[in-house]
Amino acid sequence: MAKSPGFTCTACGAVHSKWSGRCDACGEWNSIIEDEGLGHGAGPATLGQARGKAVRLSDLSAHETPPVRTQCGLEELDRVLGGGLVPASALLVGGDPGIGKSTLLLQAAAAFAARGLKTIYVSGEEASAQVRMRAERLGLRDAPVQLAAETNLRDILTTIEAEKPQLVIIDSIQTMWLDSVGSAPGSVSQVRAAAHELTSFAKRRGVSVILVGHVTKDGQIAGPRVVEHMVDTVLYFEGERGHQFRILRAVKNRFGPADEIGVFEMTGRGLSQVANPSALFLGERGQPTPGSAVFAGIEGTRPVLVELQALVAPTPHSQPRRAVVGWDSGRLAMILAVLESRCGIPFAGMDVYLNVAGGMKIGEPAADLAVAAALLGAREDTPLPADTVVFGEISLSGALRPAPQTENRLKEARKLGFTSAIVPKGGKPGGATGLNLTHVDDLTAFVGDIFGAG
């Protein structure tokens, strides 16, 4: 009996029996495509036991030597990986086109090869000569890295089986294709099958595999989300085209902390490491200006200081604008509502712009108080002192909640020359910090004491 085609959502990977314009699982429009690998034909309902074999079981208390991580010498990359590359691990690296993924991984391949790992770099998008040209520009011409330009995954796995490398980089997973899957390269079924084959091969043969993944227009890795569940580590390479800074962020890591970041700077000779990102993000600060506040944040295990910039201006339009870069627009609306409801400071009839300097993206709620300080400074035309950092979470009642790892935030601020900090009451600075701390009870007290408003 011939198989009838199945249909898969490219946004969430949900399987449908027939095509429709909108996915019922995630709500995306025009994301359902035909997936021939999901045909529904005749066959047994279950796998059964007839052809199976017993699986070897081991005790949880069995003493085995833990795998030894390999560090490449790029400290920012080793930090994001959780201390180095774990043998037999599968990593997925995503990022916007032209952001520097291939450059980063070529530098990483050369660094791992210099540490003794036998490394193969497989490019499905460039010829070997083009990769050599890029390596020569980066000063890596003599790196002991083997190159291949191929998209047929069967041929790639055969070569890896014969060469027995310790690290394989696949650039990119969307260009790989299996002759056993009938759909076109880059389709959901091809990406899923290729990722499954490579991940299984990594676990079976003890080879570390790094996969490069393209991203969609909303910043998510293209293809089914099941690929992110298959691999051990998911890294996103972020950055703004207008800035030279690049941030490598771990959003999933089975072998280390998630949300860890590594900071790089794009130069004419590739990516260079930034050992002190706080000094880099604050390097262009001048005299204190209204609407500027320095936030002491935590990214993974690293404290990072960034500047938040706000602009509040009367609007000529009936609907005021709310523009945000680097922060959550929904959270900005919440802060504006709390300021108006609890503190009596309206922003109606005013355009509000908020920017995180340096192309950084902030996700933690501890930035609430710094955002409120920047908004109030811009509205009241009152600058904060240049040597002051601010952090704390704002609740809907107007109360302020202390942020975790207060001591680490204050240590980073003191190291960069700040002398005072505004923090919620109840925080635990952990002994002598060397800073003049101003504790505030709630948002109303903060608005009145610091800005004399409300």
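The values are calculated or read from the model by the stated rules, or taken from the named source; none is laboratory data. On a predicted model such as this, the values are computed, not experimentally measured, just so you know. Using ideal geometry, Cβ is built from the backbone for each residue, glycine included, and neighbour counts are taken over all protein chains shown. Accessible surface is based on the protein model in full, side chains and every heavy atom, while ligands, DNA and RNA are left aside. Shrake-Rupley method; radii C 1.70, N 1.55, O 1.52, S 1.80 Å.
Among the residues of the range 413-434, how many are closer than 20 Å to Leu282 by Cα, open to solvent by 20 Å² or more (accessible area, probe 1.4 Å) and part of a loop (DSSP other than H, G, I, E, B)? Residues flagged as closer than 20 Å to Leu282 by Cα, open to solvent by 20 Å² or more (accessible area, probe 1.4 Å) and part of a loop (DSSP other than H, G, I, E, B) within the range 413-434 amount to 3.
Of the residues in the range 335-345, how many are open to solvent by less than 20 Å² (accessible area, probe 1.4 Å) and either under 29 Å from Gly417 (Cβ atoms) or hydroxyl-bearing (Ser, Thr, Tyr) (or both)? Spell out how you get there, then give the answer.
Taking the range 335-345 as the starting set, the residues that turn out to be open to solvent by less than 20 Å² (accessible area, probe 1.4 Å) are 335-336, 338-339, 343, 345.
Cutting the leftovers down to either under 29 Å from Gly417 (Cβ atoms) or hydroxyl-bearing (Ser, Thr, Tyr) (or both) gives us 335.
Total meeting the criteria: 1.
Counting only residues that are open to solvent by 20 Å² or more (accessible area, probe 1.4 Å) and modelled with pLDDT under 90, the range 212-228 holds 10 of them. When Met350 is tested against (1) among the aliphatic types (A, V, I, L, M); (2) within 19 Å of Ile298 (Cα to Cα); (3) surrounded by fewer than 20 Cβ atoms within 10 Å (Cβ to Cβ); (4) more than 24 Å from the chain's Cα centre (by Cα), just one condition goes unmet, and that condition is (2). The listed residues are Ile173, Ile169, and the only one of them that is surrounded by 23 or more Cβ atoms within 10 Å (Cβ to Cβ) and closer than 22 Å to Gly6 by Cβ turns out to be Ile173.
Every listed requirement among (1) surrounded by 20 or more Cβ atoms within 10 Å (Cβ to Cβ); (2) in contact with a strand residue (DSSP E or B) (Cβ under 7 Å, 6 or more places away or on another chain) is met by Thr151 save one, (1). Per the listing Val131, Val80, the residue uniquely open to solvent by less than 20 Å² (accessible area, probe 1.4 Å) and within 18 Å of Ile170 (Cα to Cα) is Val131.
Evaluate the range 358-381: report whether one residue or more is assigned to a strand (DSSP E or B) and open to solvent by less than 10 Å² (accessible area, probe 1.4 Å). Looking for residues that are assigned to a strand (DSSP E or B) and open to solvent by less than 10 Å² (accessible area, probe 1.4 Å), one finds none in the range 358-381, hence no. Within the range 289-334, track down each residue that is under 21 Å from the mean Cα position of the chain (by Cα), surrounded by fewer than 15 Cβ atoms within 10 Å (Cβ to Cβ) and more than 30 Å from Leu81 (Cβ to Cβ). Listed by number, the residues that qualify are Ser329, Gly330. Note on the range 136-183: residues that are touching a residue at least 40 places away in the same chain (Cβ under 8 Å) and acidic (Asp, Glu) total 3.
Only one residue in Glu307, Glu240 is among the charged types (D, E, K, R), outside the structural domain of Thr103 (by the TED database) and touching a residue at least 24 places away in the same chain (Cβ under 8 Å). Which one?
Values: Glu240 fails: outside the structural domain of Thr103 (by the TED database).
Being among the charged types (D, E, K, R), outside the structural domain of Thr103 (by the TED database) and touching a residue at least 24 places away in the same chain (Cβ under 8 Å) holds for just one of Glu307, Glu240, which is Glu307.
Among the residues of the range 1-53, those that are more than 18 Å from Pro224 (Cβ to Cβ), in contact with a strand residue (DSSP E or B) (Cβ under 9 Å, 6 or more places away or on another chain) and either of a type in the set (Ser, Thr, Tyr) or at pLDDT below 65 (or both) comprise Ala2, Lys3, Ser4, His40, Gly41.
Look at the range 255-266: where a residue is free of Cβ contacts under 8 Å to residues at least 24 places away in the same chain and a partner is of a type in the set (Val, Ile, Thr), sitting 6+ places away or on another chain with Cβ atoms under 8 Å, you get Glu265/Val274.
Whether any residue in the range 399-412 is open to solvent by less than 20 Å² (accessible area, probe 1.4 Å), assigned to a strand (DSSP E or B) and in contact with an Asp or Glu (Cβ under 6 Å, 6 or more places away or on another chain) is what I want to check.
yes
Determine, yes or no, whether Leu106 is surrounded by fewer than 20 Cβ atoms within 10 Å (Cβ to Cβ) and within 17 Å of Leu91 (Cα to Cα). Here the answer is no, as Leu106 does not meet what is asked.
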